[in-house]
Amino acid sequence: VTVDRMLSWGFTSFGNWVDPMFYQLNRFPYFANGWIIGDFKTVSSGNDYWAPLPDPFDPLFGERAYATVRQIAAEVQDNPWCIGVFIDNEKSWGMMGSVASQYGIVINTLARSDDDSPTKARFTRWLKSRHGDIESLNSAWRTDYESWDVLSAGIEVSNHPDAMIADFSALLELYAEEYFRIVAGAVDQLMPNHMYLGARFADWGMTPELRAAAARHVDVMSYNFYREGISDVFWGFLADIDMPSIIGEFHNGALDSGLLNPGLIHAESQEDRGRKYAEYVNSALEHPHFVGTHWFQYIDSPLTGRALDGENYNVGFVSVTDQPYEPLVDAAKEVNAKLYERRYGAD
């Protein structure tokens, strides 16, 4: 029934979180997904909204990355209906606004000892290579460390001269490069016929350094963006990256459903949900770098909240009793029927 609905409503693929039970139906394109979990060491951005960040310089992280992709590959079985794979989701890599929020991974990692953190040890090696001697580092950073041993043991930084910020930027990109290099390598080796669509950046959890590193390794950039549409003001960086991009999540909801929370984007009614859906998807269609949008999610949250965190949103195309929200469905049908005409013209 679900696949029949997707076809009837004009959708072109299942997005992230689709159950593996759909992987071998051979009726509808889909994107597979996985999480890299394990006992590898971690680092912190200072936010860590969902969880601490992986330490990609810990060899165990690489082992777990390959184990994750190996499991996905076993589920997908090289099925041609699988377009590609998302690995991980909405990590708190950092956010713009201040030195501390953008470079939290670097600042917090520098406070640790080399022995405690593989990423910290890699940062120390990079700084030694960059500056040569401690006097050069002190001159650039306006610090007075007695030796590299002080840095290796862990340092706290408060003032941030331009040269220090430049080094922070390079270190953050070094960190991100290792993460995406490892994951992309696993996908290339174990799922060579499928695209790697990155880690689904949240707008509150990405920086230019993360995007630059990801763009060197992914096939498509992915972003979860909960707003009313795609605006040129926020997305100006896409021209610099010049990569195909996909929206991994967006939604809206209303209180007239009977649920107590409309979701992250509020609509006035079910009819307004349909209007907002059309506005969002059409705004993505009009942006040359976007190749698709995925809605989150197919079914409403439970009234009493989902087990993970109590989320109880009216964000489904269907209710928990499997009743479609007709105004939203009708809007999707209308938009989906004109996807290619709107993007490429009537010809």
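What follows draws every value from the coordinates through simple rules; no lab data is involved. Keep in mind that this is a model prediction, so the values were computed, not measured. A quick note on method: Cβ atoms are made from the backbone with ideal geometry, for glycine too, and the neighbour counts reach across all protein chains shown.
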Around Phe40, with a cut-off of 11 angstrom between Cβ atoms, what is the net charge of the other residues, counting Lys and Arg +1 and Asp and Glu -1?
-2
When Thr109, Thr68 are ranked with the fewest other C-beta atoms within 10 Å first, the list becomes Thr68, Thr109
Cβ-based exposure ranking for Trp295, Trp126, in which fewest neighbours within 10 Å come first
Trp126, Trp295
Hydrophobic long helices for the chain, i.e. whole DSSP H runs reaching 15 angstrom or more by Cα along the axis with Kyte-Doolittle mean at least -0.5, come out as 59-76, 162-190, 326-337
For q = 0.31 Å⁻¹, what log10 I(q)/I(0) does segment 306-347 give under the Debye formula with an equal point scatterer on each alpha carbon and no solvent?
-1.01
Relative contact order [Cα under 8 Å, 6+ residues apart], the chain, whole percent:
14 percent
Phi-derived 3J(HN,Hα) across segment 12-18 with the Karplus relation (6.51, -1.76, 1.60, θ = phi - 60°), rounded Hz, x for Gly and Pro, is 10, 6, 7, x, 4, 6, 4
For Lys276, counting only lysines whose alpha-carbon sits under 23 Å away and dropping same-chain residues fewer than eight positions off, the answer is Lys333, Lys338
Quick one: work out the % antiparallel among DSSP beta bridges in segment 1-123, nearest 5.
25 percent
Loop-located GluC sites (Glu not before Pro) in segment 181-265, at most 15 other Cβ atoms within 10 Å (DSSP)
Glu228
Of every Cα-Cα pair in segment 1-142, the percentage lying beyond 22 Å is 56 percent
By DSSP, what percent of the beta bridges with both residues in the chain are antiparallel, rounded to the nearest 5?
15 percent
Can you put Val1, Val183 in order, fewest other beta carbons within 10 Å first?
Val1, Val183
If amide hydrogens are placed 1.01 Å from N in the peptide plane, which non-local residues have theirs closer than 5 Å to the one on Ser222?
Ala199, Arg200, Phe201, Ile246
Charge tally for neighbours of Asn159 with beta carbon under 13 Å away, counting Lys, Arg as +1 and Asp, Glu as -1, is -2
